Amino acid sequence: MPSLEDELFPSTPGKFKVDRAHNMNRQFHRCFASTSTMFLWALFLIALTASYLSFQSFVDSGSRYFSASWGGIQWEKQVRNSAQIHRSGGMSVLVTGAAGFVGTHVSLALKKRGDGVVGLDNFNNYYDPSLKKARKSLLNSHGILVVEGDLNDAKLLAKLFDVVAFTHVMHLAAQAGVRYAMENPNSYVHSNIAGLVTLLEICKSANPQPAVVWASSSSVYGLNEKVPFSEADRTDQPASLYAATKKAGEEITHTYNHIYGLSITGLRFFTVYGPWGRPDMAYFSFTRNILQGKPITIYRGKNRVDLARDFTYIDDIVKGCLGSLDTSGKSTGSDGKKKGNAPYRIFNLGNTSPVKVPELVNILERHLKVKAKRNIVDMPGNGDVPFTHANISLAQREFGYKPSTDLQTGLKKFVRWYLSYYGYNNRKGLQ
Ligand SMILES: O=C(O)[C@H]1O[C@H](OP(=O)(O)OP(=O)(O)OC[C@H]2O[C@@H](n3ccc(=O)[nH]c3=O)[C@H](O)[C@@H]2O)[C@H](O)[C@@H](O)[C@H]1O
């Protein structure tokens, strides 16, 4: 029996005569029928494309996962190798901020004397990450693995402690810089507070617990006027959010020492400088600008008094860090529970001879053989303090800390490095 469709639209032309209107209707229907077929095809193609794209993104995310900077048997092997101790009585140290200025130098010094070192760094772009990558390459060439990851990544930290029973943590990762805190306050909370707590949570749960040595700052002395600064002096009037987060770090570490028996040593660094340094710091940016013929801004304190800093050379800081690690004493807790009192220490690591900022510029001019274009302005209310000056007798007594590089000598080494790194003919340096 023919269908209604066959009757109306016979397959054999002429069998059924249709009027014009009917014909148009038929055309329309045909057209509609072919459009719906096309529509179905289009839908099919869209579905196909969508499933291809989602498959592709699955593959991508999968490959991102599998090629992530951490995880996997091979990665664990690399971590273990890097943490391998090559001297009797040596330590295996997790160095956070390993691709940073101080982190790089400390990692190299530890490795050189036979300790195991695993680095961690998030390679953020607070300053040119290519310098951090270059430091990482330097560390790699000395057999030190630097894992790319953030302090706030608790899973990564836990994994590292699963793979290696670190005896010590040298915690140097932080959001540095005094004045930048006004631009990006939350980055200080993220790294210096939240990141610190995440790290301490992992340390307190680790079996065995490591001893923790970490970087505090001379800035905790804030607006104090009593000089030189001693560890027993008040630290309750910070001048910047940076200082406030470092001060908070001292209090936070204290609670982990008190509740969980973690051995804690906080080091108050005084304006550390040297080769592979931080481009955001004055001596570094002054060097760049002087070489480029650009003006430098020199801040001046109240009543036209020059600002001064107890500039401390990196090699002296490294000695202080190693001395602290060597004398840190053991954490006492296990399974997250305190088993006895553990050391809680704080030391100044400075140079004990403050230098005025204009004098720093004089020294740079001599080493660079270029005159600076000085733009002297009143210190803006940006968190700076007028001067710093360390009393280091505590560190001297505890582990023989004795800085031996004056600013003149240290800057000479820095300038030599700067010119070799950026090139004599390429005076552009970092932006
Ligand atoms: O000891 C610390 O705890 C801190 O040291 C360092 O801070 P600061 O002592 O402020 O060093 P830095 O910026 O080099 O300025 C040096 C001098 O140059 C002056 N200064 C700075 C910039 C400028 O353009 N002009 C200028 O006169 C400026 O006013 C100051 O008087 C670390 O950055 C910080 O992370 C922290 O570790």
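The values are calculated or read from the model by the stated rules, or taken from the named source; none is laboratory data. Because the structure is a prediction, the values reported are computed rather than measured. Don't worry about glycine lacking a Cβ; one is built from the backbone with ideal geometry, like all the others, and counts go over all protein chains shown. Side chains included, ligands, DNA and RNA excluded: accessible areas come from the protein's heavy atoms. Shrake-Rupley method; radii C 1.70, N 1.55, O 1.52, S 1.80 Å.
Among (1) open to solvent by 40 Å² or more (accessible area, probe 1.4 Å); (2) assigned to a helix (DSSP H, G or I), where does S69 come up short? The failed condition is (2). Residues in region 268-277 that are among the hydrophobic types (A, V, I, L, M, F, W, C) and more than 7 Å from the ligand (Cβ to nearest atom): 1 in all.
Just a yes or no: is a residue in region 127-136 open to solvent by 10 Å² or more (accessible area, probe 1.4 Å), within 16 Å of the ligand (Cβ to nearest atom), in contact (Cβ under 8 Å) with a residue 60 or more places away in the chain and under 19 Å from the mean Cα position of the chain (by Cα)? Scanning region 127-136 turns up at least one residue that is open to solvent by 10 Å² or more (accessible area, probe 1.4 Å), within 16 Å of the ligand (Cβ to nearest atom), in contact (Cβ under 8 Å) with a residue 60 or more places away in the chain and under 19 Å from the mean Cα position of the chain (by Cα).
A quick yes/no check of all residues on (1) crowded, with 20+ Cβ neighbours inside 10 Å; (2) within 30 Å of R416 (Cα to Cα); (3) hydroxyl-bearing (S, T, Y):
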| position | (1), (2), (3) |
| --- | --- |
| S324 | yes, yes, yes |
| S334 | no, no, yes |
| K337 | no, no, no |
| A342 | yes, no, no |
| I346 | no, no, no |
| P358 | no, yes, no |
| E365 | no, yes, no |
| L368 | no, yes, no |
| K371 | no, yes, no |
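Cβ separations smaller than 9 Å between residues 6+ apart or across chains give the following pairs from region 318-330 residues that are at positive phi to residues that are not aromatic (F, W, Y): G329/A211; G329/S263; G329/T265; G329/A342; G329/P343; G329/R345. Here is the figure for region 373-410: residues that are more than 14 Å from A308 (Cα to Cα) and open to solvent by less than 50 Å² (accessible area, probe 1.4 Å) total 11.
Within region 90-113, at least one residue is in contact with a Lys or Arg (Cβ under 7 Å, 6 or more places away or on another chain) and assigned to a helix (DSSP H, G or I).
Residues checked against (1) touching a helix residue (DSSP H, G or I) at 6+ places or on another chain (Cβ under 9 Å); (2) in a strand (DSSP E or B):
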position	(1), (2)
G329	no, no
R345	yes, yes
E359	yes, no
R366	yes, no
R374	yes, yes
V377	no, yes
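Per the listing V102, V93, V106, V118, the residue uniquely β-branched (V, I, T), open to solvent by 10 Å² or more (accessible area, probe 1.4 Å) and modelled with pLDDT of 95 or more is V102. Scanning region 117-164 for residues that are within 24 Å of G249 (Cα to Cα) and part of a loop (DSSP other than H, G, I, E, B) yields N122, F123, N124, N125, Y126, Y127, G149, D150, L151, N152, D153.
Here region 308-322 is the region considered, the condition is being hydrophobic (A, V, I, L, M, F, W, C) and in a helix (DSSP H, G or I), and the residue that is surrounded by the fewest Cβ atoms within 10 Å (Cβ to Cβ) is L322. Only a single item in (1) out of contact with any Pro (no Cβ under 8 Å at 6 or more places or on another chain); (2) open to solvent by 10 Å² or more (accessible area, probe 1.4 Å); (3) not hydroxyl-bearing (S, T, Y) is not met by L139, and it is number (2). Among the residues of region 177-218, those that are within 22 Å of Y256 (Cβ to Cβ), open to solvent by less than 20 Å² (accessible area, probe 1.4 Å) and either part of a loop (DSSP other than H, G, I, E, B) or small (G, A, S) (or both) comprise S191, G195, A206, Q209, P210, A211, A215, S216, S217. I'd like to check something: does region 278-292 contain any residue that is open to solvent by 30 Å² or more (accessible area, probe 1.4 Å), within 24 Å of the chain's Cα centre (by Cα), within 9 Å of the ligand (Cβ to nearest atom) and not hydrophobic (A, V, I, L, M, F, W, C)? The answer is yes, given that some residue of region 278-292 is open to solvent by 30 Å² or more (accessible area, probe 1.4 Å), within 24 Å of the chain's Cα centre (by Cα), within 9 Å of the ligand (Cβ to nearest atom) and not hydrophobic (A, V, I, L, M, F, W, C).
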